[in-house]
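A short worksheet on the structure shown next.
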Amino acid sequence: MFMVKRTFTICNDSLAIKKPGALAGGLLLLMVFGHAKGSEPPASHPESTKTTWDIEALKRRGIISEQVENLDKLNEIPPGENLVDINLNGAFKTSFQVNVNDQGIICFTPALFDALGISVSDSNPKEGCYDWISEQPGTSVAWQSESQTLSIVVPPDVLQQESNGDYGGIAGHINYNYYSSMNKSAYQKQRYSWLSLSSGINISNWMIRSQQNVQDNQGEISTTINSTYVERYLSSLNKIFQAGEISTRNTLFPLGQLRGFQLYPDDALDSNSATGVSVDGMASTSQARVEVRQYNQLIYSTLVAAGPFHLPNIPVQNRNAELDVTVLETSGETQQFIVPAIQLMNTSQPENRGFSLSFGKLQDQPSDDAKIPAILTLNKNWQPLNRMSLRTGSLLSGKYQSVAAAMNGQIASVPGQSFSLQVLLAQDHYQHKKSAQVRVFSNHALTKNLSLSLGASKNTPGYASIEEASLRARRKDKWSYSADNSELNLGFSWNSETLGTLSFTHSLTTSYPDNDRWRYSMLTWNRRFENGLQLTTSASRAKSRDRSNKSLNINLSWPLGEKRIRHYYRSSNQRNIMGSDINLPLGTSNNLQLAVEENSKDRNRSLQSSLSSDLRYTNVNTSVQLDNQHQRNYSINGNGSLVIHNKGVTFSNSSVQDTYGILSLNRPLAGVPVISPSGTSWTDWRGMALISSLSPWHDNAIDVDVDKLPKNVDVSNGHRTLRPARGSVKQVQINMLSGTRLLMTISLANGQLLPKSSTLWIGKRLVAEAVDEGLAFINNADSKGTFHVKIAQSTDECDIQYQLKDATDEDALYEQLSLTCQ
């Protein structure tokens, strides 16, 4: 409840009151005599009714009825439209534009009931101003003018039952990622550019998604459009529905994209959406592009710096097929390696219990659609034991059937150990063969600092997935194909406080019928010293029958204030490079890197410069490289997103996900940081910020960074907690209190200062009281206005007019004005 703080003392004579102002000094007496007519029963909602005072008792103590009226005015919400924060039963609920009539009654509308989550019967009147508070027993309302907050208390039985998440919202978005480079020499010029777009529309939790890729290689432009589908969470089935070009989810079978539909559990109801699949490798040149493919489709692409790289949470289609990784160097060279499917089992997470279903035809099959087989998959997840999960599945097609089972978990009697086991049986009528596949993976924490992982996969001769088997049959050249025979994977990691961290991975793949072998090994060692010195070394080798890649990388770096200096050596494909670089932070949003290096093979020396800029609403990186052989390389890349909604277009430097939100301030204030689970975003020139990702079915804390607000700006409540349903677009309204604070020195027409406890009014609304002789302070003032003044201890009244300058100092806590009351 709003309170006015004043100081006063009570003398031995209870009738003698020493008060700095009659209004302020009467507070204690009001507390004593406020219930002088105690014989009357209290109102059921006293905050919405006018308090009755014992006027005669107050007059005997020097308090007149007008001052009592002023106290009542302090707790009245002003008439008209008011954007306020609403607390419901003691907790913040929403910000809403409420309508108050001239009698001070809050008009309840269907939109307000929906915003508060209050259930009302159809018999309630909706015409005119509906005073629901006066009709509903057990309710009350209180107005807090300083924080512009309306506190409403209602019985719990009128509240709607809370769902797992809030539904609704309409918006469209585009995530973009682009890269363009030009290589110039004395003899030629080469250009290469690509643009990747991921676009979508959310309409009442229905989602439409599509991916577009455009590539320009020396004027040859190619365009692809794929992964176009519609999606929605079906609460009646507790499943996600997808239809279109879909990647089969929650399946044990190696399936690429299908043209069809599927139903599967929403993993966000139990866990986060991170895949846990990572790719580690090495790049030889700066701005190298890494492409990750699965089922011959590009699923991830990014730029990396020279040296070892770690790419977390690769968006795999499923964990049943290997990843083909290509590193495209800026020099034109290419490196390739495989992440075996057995290694993906290491990141397997417990799936939601329940069933999954998919039906459709294989995508990207080079044949007539009529010859592509239709596929039906059914999968079921179980949890027979506390730390054990079981998955079963079946795949049905005209000439191919398969069943599979997988188990993963931990053994309670063997702490620190986990395992995964999967068995698949296939009946292949294309090749008239029965085949099987067995995959196993285990993790072992041998000691506190030493861990070991082992994995193996074995296929019987003739095993082929339905995609491979049907393709061979249609092409009628099945003997020209090879198939995986076995996969082995070994990895260990050792951590020592003295020697640092050492890790090693090795994988071996053999194939039918030629027994060709592919090997990949990687060894890394990291050591950090007390003075900030850091040593990182890594070596990798990839070898098959017809090609071999070796690479070695050594980095030595140390801090120098905010800068960091690094010396490095890189060896790859008979190229030996030595160099040094320095990272120079330029403020909080830019980073400049300068590097010099030499290729010992041809004595080619180069100078490189790159600038990375976080421009709040997009990310831009530029790079320039020059060498002593008159070769130049220029490149630019960037990424970000934009959302089109009912209030316009909003930009962000982060990618928009399935569920997101838009925050709006009630005044155009740019550059205000908004902290959310997806990171920090900033309001634009209209006071709007894009919250690019929200976790569905979970609480998401959204906070306006009030420490970064201008000093002349306040916020009534800068915190929100959102719990959206999947596919929602949440609109968040933050009520910024008008930043204008007025400290007024007021004189009367005769030159005397305005007496203490005089009151300032706008219409029937009390806005301020003179806290001292001639001094009054007002929050949230308009740029110009008129106050009607009731002079204390007098029947005289006068008016004050003011107008602020157009340019105000945002760092000033208040505006000082000297005014005369006429």
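The values are calculated or read from the model by the stated rules, or taken from the named source; none is laboratory data. The structure displayed is predicted, hence computed values, not measured ones. Please note: Cβ atoms are built from the backbone with ideal geometry, for glycine as well, and neighbour counts cover all protein chains shown.
Please find, within region 565-582, the residue that is farthest from His506 (Cα to Cα) out of those that are surrounded by 16 or more Cβ atoms within 10 Å (Cβ to Cβ) and at pLDDT 85 or above.
Applying the first criterion (surrounded by 16 or more Cβ atoms within 10 Å (Cβ to Cβ)) to region 565-582 yields 566, 568-572, 575, 577, 579, 581.
Checking which are at pLDDT 85 or above leaves us with 566, 568-571, 577, 579, 581.
On the way: Arg566: 29, Tyr568: 25, Tyr569: 23, Arg570: 21, Ser571: 20, Ile577: 26, Gly579: 29, Asp581: 31 Å.
Step by step, filter region 565-582, then rank; the result is Asp581.
Filter region 157-169 for residues that are surrounded by 14 or more Cβ atoms within 10 Å (Cβ to Cβ) and either in contact with a Cys (Cβ under 9 Å, 6 or more places away or on another chain) or not aromatic (Phe, Trp, Tyr) (or both) and give the result. Spell out how you get there, then give the answer.
Our first condition is that a residue be surrounded by 14 or more Cβ atoms within 10 Å (Cβ to Cβ); within region 157-169, this holds for 158-159, 164-169.
Result: Val158, Leu159, Asn164, Gly165, Asp166, Gly168, Gly169.
Looking at Glu245, is it under 19 Å from Gln657 (Cα atoms), within 21 Å of the chain's Cα centre (by Cα) and not aliphatic (A, V, I, L, M)? Write out each step before concluding.
Numbers: under 19 Å from Gln657 (Cα atoms): yes; within 21 Å of the chain's Cα centre (by Cα): no; not aliphatic (A, V, I, L, M): yes.
So Glu245 does not fit the description; no.
Can you pull out the residues in region 729-778 that are under 17 Å from Glu797 (Cβ atoms), touching a residue at least 60 places away in the same chain (Cβ under 8 Å) and polar (S, T, N, Q)?
Result: Ser747, Ser757, Thr759.
Looking only at residues that are surrounded by fewer than 23 Cβ atoms within 10 Å (Cβ to Cβ) and within 18 Å of Ser538 (Cα to Cα) in region 298-307, which one is modelled with the highest pLDDT? Before the answer, list the steps.
In the first step, residues of region 298-307 are kept if they are surrounded by fewer than 23 Cβ atoms within 10 Å (Cβ to Cβ); the result is 298-305, 307.
With within 18 Å of Ser538 (Cα to Cα) added as a condition, the list becomes 304-305, 307.
On the way: Val304: 79, Ala305: 75, Gly307: 75.
So, considering only residues that are surrounded by fewer than 23 Cβ atoms within 10 Å (Cβ to Cβ) and within 18 Å of Ser538 (Cα to Cα), the one modelled with the highest pLDDT is Val304.
Just to be sure I understand, how many residues within region 423-466 are of a type in the set (Gly, Ala, Ser), assigned to a loop (DSSP other than H, G, I, E, B) and farther than 23 Å from Gln294 by Cβ?
First, pick out the residues of region 423-466 that are of a type in the set (Gly, Ala, Ser): 426, 435-436, 442, 445, 451, 453, 455-457, 462, 464-465.
Next, only the ones that are assigned to a loop (DSSP other than H, G, I, E, B) stay: 462, 464-465.
Narrowing the set further to residues that are farther than 23 Å from Gln294 by Cβ leaves 462.
So the answer is 1.
For a quick check of your reading: which strands (runs of 3 or more DSSP E) sit entirely within region 194-297 and have at least 2 residues that are β-branched (Val, Ile, Thr) and exposed (fewer than 15 other Cβ atoms within 10 Å of the Cβ)? Please lay out each step first, then the result.
Details: elements: 206-217, 220-234, 239-247, 257-264, 279-283, 288-294.
The strands (runs of 3 or more DSSP E) meeting that bar are 220-234.
Given the residues Tyr187, Tyr130, Tyr179, which is the only one that is without any contact (Cβ under 8 Å) to a residue 60 or more places away in the chain, surrounded by 18 or more Cβ atoms within 10 Å (Cβ to Cβ) and not small (Gly, Ala, Ser)? Don't jump to the end; show me each part of the working.
Values: Tyr187 fails: surrounded by 18 or more Cβ atoms within 10 Å (Cβ to Cβ); Tyr179 fails: without any contact (Cβ under 8 Å) to a residue 60 or more places away in the chain.
Within the list Tyr187, Tyr130, Tyr179, the selection yields Tyr130.
For region 506-527, give me the residue count where each residue is surrounded by 15 or more Cβ atoms within 10 Å (Cβ to Cβ) and farther than 26 Å from Glu597 by Cα. Steps first, please.
Residues of region 506-527 that are surrounded by 15 or more Cβ atoms within 10 Å (Cβ to Cβ), as a first pass: 506-512, 518-527.
Next, from what is left, pick out any that are farther than 26 Å from Glu597 by Cα: 506-512, 518-521.
Summing the residues that are surrounded by 15 or more Cβ atoms within 10 Å (Cβ to Cβ) and farther than 26 Å from Glu597 by Cα in region 506-527 gives 11.
Return the only residue of Gln629, Gln608 being touching a strand residue (DSSP E or B) at 6+ places or on another chain (Cβ under 9 Å) and buried (at least 17 other Cβ atoms within 10 Å of the Cβ). Give the derivation first.
Numbers: Gln629 fails: buried (at least 17 other Cβ atoms within 10 Å of the Cβ).
The unique qualifying residue is Gln608.
Determine, yes or no, whether Glu530 is loosely packed, with under 14 Cβ neighbours inside 10 Å and at negative phi.
Values: loosely packed, with under 14 Cβ neighbours inside 10 Å: yes; at negative phi: yes.
Answer is yes for this residue.
Within region 630-702, which strands (runs of 3 or more DSSP E) (wholly inside it) include 2 or more residues that are of a type outside the set (Lys, Arg) and under 16 Å from Ile734 (Cα atoms)?
Details: elements: 632-645, 648-652, 660-665, 673-676, 679-682, 688-691.
The qualifying strands (runs of 3 or more DSSP E) are 660-665, 673-676, 679-682, 688-691.
Being within 24 Å of Ala670 (Cβ to Cβ) and without any contact (Cβ under 8 Å) to a residue 24 or more places away in the chain is the filter here; which residues of region 614-636 pass it?
Matches in region 614-636: Val620 only.
Checking the conditions here, which among Ala473, Ala469 is outside any strand (DSSP E or B), within 16 Å of Pro254 (Cβ to Cβ) and not acidic (Asp, Glu)?
Ala469 is the lone residue from the list that is outside any strand (DSSP E or B), within 16 Å of Pro254 (Cβ to Cβ) and not acidic (Asp, Glu).
Quick check on region 773-795: of everything there that is within 10 Å of Pro755 (Cβ to Cβ) and out of contact with any Cys (no Cβ under 8 Å at 6 or more places or on another chain), which residue is surrounded by the fewest Cβ atoms within 10 Å (Cβ to Cβ)?
If we take residues in region 773-795 being within 10 Å of Pro755 (Cβ to Cβ) and out of contact with any Cys (no Cβ under 8 Å at 6 or more places or on another chain), then Ser794 is surrounded by the fewest Cβ atoms within 10 Å (Cβ to Cβ).
One residue is enough: does region 440-454 have a residue meeting the conditions closer than 30 Å to Ser548 by Cα, among the basic types (Lys, Arg) and either at pLDDT 85 or above or more than 43 Å from the chain's Cα centre (by Cα) (or both)?
Filtering region 440-454 down to residues closer than 30 Å to Ser548 by Cα leaves 440-443, 451-454.
Subset that is among the basic types (Lys, Arg): none.
No, because not a single residue in region 440-454 is closer than 30 Å to Ser548 by Cα, among the basic types (Lys, Arg) and either at pLDDT 85 or above or more than 43 Å from the chain's Cα centre (by Cα) (or both).
Within region 688-708, is even one residue crowded, with 17+ Cβ neighbours inside 10 Å, in contact with a Pro (Cβ under 7 Å, 6 or more places away or on another chain) and touching a residue at least 60 places away in the same chain (Cβ under 8 Å)?
Within region 688-708, one or more residues are crowded, with 17+ Cβ neighbours inside 10 Å, in contact with a Pro (Cβ under 7 Å, 6 or more places away or on another chain) and touching a residue at least 60 places away in the same chain (Cβ under 8 Å).
Only one of Ile800, Ile734 is closer than 30 Å to His645 by Cα and among the aliphatic types (A, V, I, L, M). Can you tell me which? Steps first, answer last, please.
Details: Ile800 fails: closer than 30 Å to His645 by Cα.
Exactly one of Ile800, Ile734 is closer than 30 Å to His645 by Cα and among the aliphatic types (A, V, I, L, M), namely Ile734.
Select from region 466-503 the residues that are of a type in the set (A, V, I, L, M, F, W, C) and surrounded by fewer than 15 Cβ atoms within 10 Å (Cβ to Cβ) and write down the one among them that is modelled with the highest pLDDT.
Taking region 466-503 first, the residues of a type in the set (A, V, I, L, M, F, W, C) are 466, 469, 471, 473, 479, 483, 488, 490, 492, 494, 499, 502.
Now drop any that are not surrounded by fewer than 15 Cβ atoms within 10 Å (Cβ to Cβ), which leaves 479, 499.
Working: Trp479: 49, Leu499: 90.
Applying the filter and picking the extreme gives Leu499.
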